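To keep things clear, I will list the structure first and then write my remarks on it.
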Amino acid sequence: SAMSGEPAKANFEAKRLAELRDAAASMKLNYWADQIDIQVEVVRGLAAFAEGKHDEGIAILRRAAEREDASAKNVVTPGPVVPAREMLATTLERDGKPADAFAEFEKVLEQQPNRYAAIAGAAQNAKRVGNEQIAVHYSEQLLKLTEYSDSPRPGIVEAKRIVERKLYRCSPKVG
């Protein structure tokens, strides 16, 4: 809801998640209560951003990302579907802060390599800040990750463009 610009629905979902967190805490499932609380913060941050409170939303998302990074993971415990830091990076990108977004996408990839959205985001934001070499690096990584895909996803299309521009610039000129 929050990512689609519906803060009222997102706030409702945050309240529901808070109820689930409280239920987990009452059952002494502290690890899961903490994980749910991180998700509450993510939704609250996205809702604040959607309400036009950009700095507040980004600050909330940053705290959630730091908490998630600091939480201990058991080897058999699944990671988040979308890491809080990836949500932070996407929000920074939407806020027109490509250098900050790029840095956060790289942090995601340090913890969780081969995430499609993080690689695509790193490539796009490297390009936006004028670092063509890094944009090519991440674009090539994305194309390798999706080499058997025939998807028209925008990230793949743009990665192909970035790599093709590199190849065009590096090819010998005839004539």
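Over 5 Å intervals from 0, what percent of Cα-Cα pairs in segment 31-173 sits in each interval?
Here the calculated profile for segment 31-173 is 2, 10, 18, 18, 18, 14, 11, 5, 2, 1, 1, 0, 0.
Rank these residues by their accessible area, most exposed first, probe 1.4 Å: 31, 148. Could you put the intermediate results ahead of the total?
Numbers: 31 70, 148 205 Å².
Largest accessible area first, the list is 148, 31.
Taking R0 as 35 Å, what FRET efficiency do you get between residue 67 and residue 144 from their Cβ-Cβ distance, rounded to the nearest 0.05?
It comes to 0.65.
Ordering 17, 92 by accessible area with a probe of 1.4 Å, largest first, what comes out?
17, 92
For the chain, what is the accessible area per residue in Å², given a 1.4 Å probe and the full set of protein chains?
Details: 10200 Å² over 175 residues.
Result: 58 Å² of accessible area for each residue.
Which lysines have a Cα less than 16 Å from the Cα of residue 127, not counting those fewer than 8 places away in the same chain?
97, 160, 166
Give the relative contact order (percent, whole number) for the chain; include only Cα pairs under 8 Å separated by 6+ residues.
So the answer I get is 12 percent.
Report the one residue of 50, 17, 70 whose Cα lies farthest in the direction of the positive end of the charge dipole of the chain (charges on C-beta: Lys and Arg +1, Asp and Glu -1; origin at the Cα centre).
Of the options given, the answer is 50.
Working with all protein chains in place, sort 15, 107 by solvent-accessible area computed with a 1.4 Å probe, largest first.
15, 107
First select every other residue whose beta carbon is under 15 angstrom from the beta carbon of residue 16; then total the charges, Lys and Arg +1, Asp and Glu -1.
Details: positive: 9, 15, 21, 44; negative: 6, 13, 19, 22, 37, 41.
Result for the neighbourhood of residue 16: -2.
Compute the signed sum of charges (Lys and Arg +1, Asp and Glu -1) over the other residues within less than 13 Å, Cβ to Cβ, of residue 111. Write down the numbers at each step before the final one.
Values: positive: 73, 85, 107, 115; negative: 66, 68, 69, 86, 104, 106, 110.
Residues close to residue 111 contribute a combined charge of -3.
Report in % the part of the accessible area of the chain that belongs to carbon and sulfur, leaving out ligands and nucleic acids; probe 1.4 Å.
Solvent-exposed carbon and sulfur of the chain make up 55 percent of the total.
Counting Lys +1, Arg +1, Asp -1, Glu -1, what net charge surrounds residue 39 among other residues with beta carbon under 11 Å of its beta carbon? Working shown, then result.
Details: positive: 16, 21, 44, 67; negative: 13, 34, 37, 41, 68.
Result for the local shell: -1.
So, taking all protein chains as they sit and a 1.4 Å probe, how much accessible area belongs to residue 71, in Å² rounded to tens?
Probe radius 1.4 Å; accessible area of residue 71 about 30 Å².
Picking from 49, 12, 102, which is most flexible by a Gaussian network model of the chain using Cα springs under 10 Å?
Greatest mean-square fluctuation among the candidates belongs to 12.
Along Cα→Cβ, 7 Å out, is where each label goes; now give me the distance between the ones at residue 160 and residue 133 in nm to one decimal.
According to this spin-label approximation, the distance is 2.8 nm.
Using a Gaussian network model on the chain with a 10 Å cutoff between Cα atoms, which of 25, 126, 159 fluctuates the most?
Maximum among the listed residues: 25.
Using r as the Cβ-Cβ distance of residue 55 and residue 22, and R0 as 30 Å, what FRET efficiency do you calculate, to the nearest 0.05?
0.55
Based on Cβ point charges of +1 for Lys and Arg and -1 for Asp and Glu, what charge dipole magnitude is obtained for the chain about its Cα centre, in debye rounded to the nearest 20?
On the way: 26 positive and 26 negative charges, 101 e Å.
For the chain, the charge dipole is close to 480 debye.
Given the options 79, 57, 121, which has the most mean-square fluctuation in a GNM of the chain, springs set between C-alpha atoms less than 10 angstrom apart?
Of 79, 57, 121, the Gaussian network model singles out 79 as fluctuating most.
The values are calculated or read from the model by the stated rules, or taken from the named source; none is laboratory data. None of these values were measured; they are calculated from a predicted model. Positions of Cβ are backbone-derived with ideal geometry, glycine not excepted, and every protein chain shown enters the neighbour counts. Just the protein is used for accessible areas: all its heavy atoms, side chains included, with ligands, DNA and RNA removed. Shrake-Rupley method; radii C 1.70, N 1.55, O 1.52, S 1.80 Å.
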